[in-house]
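What follows is a single structure, written as structure tokens, with notes after it.
Coordinate-derived values only; no laboratory data. Since the model is a prediction, treat every value here as computed from it, not as a measurement. FYI the Cβ positions are ideal-geometry reconstructions off the backbone, even for glycines, and counts take in every protein chain you see.
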Amino acid sequence: MSCEPCEAEIPEIQKAYEQHQDHGFVVLAVNFGEKAEKAKTFAEKWELSFPVLVDRRANVVSQYSVVSLPVSLFIDSEGLVRERVFGGDLDGYRHRPNPPAIDVRATTTGRR
């Protein structure tokens, strides 16, 4: 994987996961456009303890309207996207007001 912003943000994501997983915080990393072996190598390099999924057909990219990488989506337990953070700037995320939620359930189930 040759995404410098991805590599810059991943230690912070791992740390947040370790601190909050007991409170229902879930992380699903999604690698798209690469083979499973590359995703596995990335996960091993960074000793990730959350799942790294491979989206070879870019279904997730399409469903969530991803236009640049990296992007971190904060999705609540109801399936609403509460925040999108582009470019690996998770520190900047902490200082932003919450935008309106985006309901992605309509695109996944065909209904709200």
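Observations
- Phi-derived couplings, Karplus 6.51 cos²θ - 1.76 cosθ + 1.60 at θ = phi - 60°, listed residue by residue for segment 20-26: 10, 4, 6, 10, x, 6, 10 Hz, with x used for Gly and Pro.
- Cross-link reach list, lysines versus LYS15, counting only Cα pairs under 16 Å and skipping chain neighbours closer than eight places: LYS45
- Fewest-first sequence of LEU80, LEU28, LEU48 by Cβ atoms within 10 Å of each Cβ: LEU28, LEU80, LEU48
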